[in-house]
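Below is one structure, written out as structure tokens; the observations come after it.
Just so it is clear, none of the values below were taken in a lab; they were calculated from the coordinates. Nothing here was measured: the structure is a model prediction, and the numbers come from that model. All Cβ positions, even for glycine, are placed from backbone atoms using ideal geometry, and neighbour counts span all protein chains on display.
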Amino acid sequence: MAPVSLRLRTPDDDPFLYALYSEWRSLEFDFLPPEQKNQLIRLQYLAQSRAYDASYPDSDWQIVLCGDESVGRIRISRSAEAIELVEILIAQAARNRGIGATVIEQLKAEAIKTHKPVRACVSTTNPGSLRFHQRLGFQIVRSTDTQLYVEWRA
């Protein structure tokens, strides 16, 4: 596997970021005609971006690279108390190759150096994401009907 790295997002990444989001959400809306489906996904993409910008104004929005290829996105918010993994999304074609795990291991190394936990939130409807986080040592610390709050500590 080519080396995994991160770089800050630029406006030139917007088409890739939209395509990545669309790929992730597309199956949910297959019952809609293509034009409506595309409009709905576009609206949700913009709404999510604005919500993250408002909730995590100082977060880093980075592109995940495998070699020179853009394969995902990650958003990280750092505070005095914790490193919060707001989101990680890897393209379908790049999954199950250890790319996401490599990125999380890099975050865990940062957490050890800064003596902070790594926190994330996982939807209760996404068991694959929960398995991914648990495999990397995260534990559920709190839950609601729709969200599982997970944390990793050194």
Check: If you plug each phi of segment 116-123 into the Karplus form 6.51 cos²θ - 1.76 cosθ + 1.60 with θ = phi - 60°, what whole-Hz ³J(HN,Hα) values come out, in order, with x for Gly and Pro?
Finding: 10, x, 9, 10, 8, 10, 10, 5
Check: In sequence order, what are the phi-derived ³J(HN,Hα) couplings for segment 141-154 according to the Karplus relation 6.51 cos²θ - 1.76 cosθ + 1.60 with θ = phi - 60°, rounded to whole Hz, with x for glycine and proline?
Finding: 10, 6, 8, 10, 5, 10, 10, 10, 9, 10, 8, 10, 10, 5
Item checked: Value of D in µm² per second that Stokes-Einstein yields for segment 95-154, Kirkwood Rh from Cα pairs, at 25 °C (0.890 mPa s) -> 206 µm²/s
Notebook entry, point to check: Which aspartates and glutamates does K113 reach when only Cα atoms under 20 Å apart count, and residues fewer than 8 places away in its own chain are ignored?
Noted result: D60, E81, E84, E105, E151
Check: A101 versus T144, label points 7 Å from Cα toward the beta carbon: distance in nm?
Finding: 3.1 nm
Item checked: Per-pair calculated FRET efficiency, R0 = 25 Å: Q92 and Q134 via Cβ, rounded to 0.05 -> 0.70
Item checked: When the convex hull of its Cα atoms is projected in every direction, mean area for segment 1-76 (nm²) -> 5.9 nm²
Item checked: Extension reserve of the T124-L27 stretch, reckoned as 0.36 nm per residue once the Cα distance is removed -> 33.1 nm
Check: What is the distance, in nm, between label points placed 7 Å from the Cα along the Cα-to-Cβ direction at A54 and at E69?
Finding: 3.7 nm
Notebook entry, point to check: Mean separation of Cα pairs under 8 Å and 6+ residues apart, divided by the residue count of the chain: what relative contact order is that in percent?
Noted result: 19 percent
Next item on the list: Give me Rg over Rh for the chain, both radii from the alpha carbons and Rh done the Kirkwood way, two decimal places.
Entry: 0.96
Check: To the nearest 20 debye, what charge dipole does segment 1-147 have about its Cα centre, counting +1 at the Cβ of each Lys and Arg and -1 at the Cβ of each Asp and Glu?
Finding: 480 debye
